[in-house]
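Scroll down for the structure; my scribbles are underneath it.
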Amino acid sequence: MRISCASIGPILLPDSCGPVKDNGKDVTWGKANEYCRQLRLGGYSDWRLATLAELKGIYDISVNAAGLAGPPKTSRAFSWHVQGDLFLTGDQWSGSLIADDRGNPSGYAWRFDFNEGRAFDDDEISFYTNNRALCVRRAGE
């Protein structure tokens, strides 16, 4: 039996008999990538972190989707400005690494804040506080 997937434009998000959600806990960029690569859901195994453009594309200031904010053990109800009835619990890592001035990986990655509606490029890939994994895959593939 296939588990359905929620579609927002060209991307699919996991929907396992409940709200579409992120991984729900603090993770480094590497652990977020690993989480998505190992996700087996809906008969699919090609899940990945969303690109920065995909994250920006599902931001909507007019939407208030229920979620949580704060440390997992003491989180509180919170609203995020995101399309698709997503249940988020923090900022979302993107799959996009930041290059240095020579085009090599700098050790930093982009994350997106669905509260403020902006991307941040100042997180080391080893940083994990309030950063989550939102896995996606291409629709129709």
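The values are calculated or read from the model by the stated rules, or taken from the named source; none is laboratory data. Just so you know, these numbers come straight off a predicted model, no measurement behind them. Heads up, the Cβs are rebuilt from the backbone with ideal geometry, glycines too, and the neighbour counts pull from every protein chain shown.
Can you find a residue that is free of Cβ contacts under 8 Å to residues at least 12 places away in the same chain, closer than 16 Å to residue 24 by Cα and out of contact with any strand residue (DSSP E or B) (no Cβ under 9 Å at 6 or more places or on another chain) anywhere in segment 121-129?
Looking for residues that are free of Cβ contacts under 8 Å to residues at least 12 places away in the same chain, closer than 16 Å to residue 24 by Cα and out of contact with any strand residue (DSSP E or B) (no Cβ under 9 Å at 6 or more places or on another chain), one finds none in segment 121-129, hence no.
Exactly one of these conditions fails for residue 111: (1) surrounded by fewer than 21 Cβ atoms within 10 Å (Cβ to Cβ); (2) assigned to a strand (DSSP E or B). Give me its number.
Condition (1) is where residue 111 drops out.
Tell me, which strands (runs of 3 or more DSSP E) lie completely within segment 1-96 with 2 or more residues that are surrounded by 16 or more Cβ atoms within 10 Å (Cβ to Cβ) and modelled with pLDDT under 90?
Answer list for segment 1-96: 5-8, 11-14.
If you take the residues of segment 99-108 that are part of a strand (DSSP E or B) and farther than 25 Å from residue 80 by Cα, which of them is modelled with the lowest pLDDT?
If we take residues in segment 99-108 being part of a strand (DSSP E or B) and farther than 25 Å from residue 80 by Cα, then 105 is modelled with the lowest pLDDT.
What number of residues within segment 114-135 are farther than 24 Å from residue 64 by Cβ and part of a strand (DSSP E or B)?
Selection size over segment 114-135: 4.
Give me the pairs: first residue in segment 81-104 and without any contact (Cβ under 8 Å) to a residue 12 or more places away in the chain and among the aliphatic types (A, V, I, L, M), second residue assigned to a strand (DSSP E or B) and surrounded by fewer than 16 Cβ atoms within 10 Å (Cβ to Cβ), beta-carbon distance under 9 Å, and six or more apart or on different chains, which are they?
99/105; 99/106
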